[in-house]
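The values are calculated or read from the model by the stated rules, or taken from the named source; none is laboratory data. A quick note: this is a predicted structure, and the numbers were derived from the prediction, not measured. Glycine gets a Cβ as well: all are built from the backbone with ideal geometry, and neighbour counts include every protein chain shown. All accessible areas refer to the heavy atoms of the entire protein, side chains included, with ligands and DNA or RNA removed. Shrake-Rupley method; radii C 1.70, N 1.55, O 1.52, S 1.80 Å.
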Amino acid sequence: MKYTEGHYYHPYNRGAHKKKIFLQRDNYLHLITLLAKYSVRYGVTVVAYCLLPNHYHLILKQNDSGSIGMFLKTTFNAYTQAINKRFRTSGTLFQGQVHVKEIDSDSYCMQAIRYVHLNPCAAQIVLKPEDWEFSDYREWIGTREGSFVDLGLRNAYFTSPLDYKRFVEEYIDAKHTKEMKNFLES
């Protein structure tokens, strides 16, 4: 895929054979460290991320003279090598090449970010997205600091972190209402 400066992208992938790619808490933290390190090196803005036991989702922005392709390749090769060394294994960790969707509108971008942040709920790992440690949702809602994630997009679309939280919760509430209606009508 050819990446365009100033555009947003949604890369995602899962473990080979649907196996876990994160086996311990330290594995998640290591990948977060690699994301921070290589985003600077390759001129990529990490807008949002969510790491789950057997897959991950990112929202990235291609910066001037940056390279999302090199960022993804280097980050996930380094992560795979670290996991193979740590657990004395070899070979691929991921199921093929990373999948990447180009985000072609501001509206779609906000929907994609919300989707990424709700992934732990959809996977039934947690009930609320803020309960999942390995996502930047807490930064987006203002309950955790210290992330390398750029919150400029959040600040451009929402007047406060609480407004973003409401945006996410409205979707959760609407989804539960629709599911309840479908259940009652069946």
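Values as computed for the structure displayed
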{"item": "Breaking point among (1) out of contact with any strand residue (DSSP E or B) (no Cβ under 9 Å at 6 or more places or on another chain); (2) crowded, with 17+ Cβ neighbours inside 10 Å; (3) over 24 Å from residue 3 (Cα atoms), for residue 75", "result": "(3)"}
{"item": "Per-region count, segment 5-51, residues open to solvent by 30 Å² or more (accessible area, probe 1.4 Å), touching a residue at least 60 places away in the same chain (Cβ under 8 Å) and in a loop (DSSP other than H, G, I, E, B)", "result": "3"}
{"item": "Candidates 61, 37 - the one that is out of contact with any strand residue (DSSP E or B) (no Cβ under 8 Å at 6 or more places or on another chain) and either farther than 21 Å from residue 140 by Cα or at pLDDT 95 or above (or both)", "result": "37"}
{"item": "For residue 58: the one exception among (1) open to solvent by 40 Å² or more (accessible area, probe 1.4 Å); (2) in contact with a Pro (Cβ under 6 Å, 6 or more places away or on another chain); (3) among the aliphatic types (A, V, I, L, M)", "result": "(1)"}
{"item": "Matching residues, segment 99-118, being more than 16 Å from residue 46 (Cα to Cα), outside any helix (DSSP H, G or I) and hydrophobic (A, V, I, L, M, F, W, C)", "result": "none"}
{"item": "Long-range neighbours under 8 Å by Cβ, at least six apart or interchain, first residue assigned to a loop (DSSP other than H, G, I, E, B) within segment 119-142, second among the hydroxyl-bearing types (Ser, Thr, Tyr)", "result": "133/28; 134/28; 136/49; 136/147; 141/164; 142/160"}
{"item": "Conditions (1) over 16 Å from the mean Cα position of the chain (by Cα); (2) open to solvent by less than 20 Å² (accessible area, probe 1.4 Å); number of the one not met by residue 1", "result": "(2)"}
{"item": "Some residue of segment 144-163 being modelled with pLDDT of 90 or more, among the acidic types (Asp, Glu) and farther than 21 Å from residue 35 by Cβ", "result": "yes"}
{"item": "Failed condition for residue 99, given (1) touching a strand residue (DSSP E or B) at 6+ places or on another chain (Cβ under 8 Å); (2) open to solvent by 50 Å² or more (accessible area, probe 1.4 Å); (3) under 19 Å from residue 152 (Cα atoms)", "result": "(3)"}
{"item": "Test: residue in segment 61-70 that is assigned to a strand (DSSP E or B), open to solvent by less than 10 Å² (accessible area, probe 1.4 Å) and more than 30 Å from residue 172 (Cβ to Cβ)", "result": "yes"}
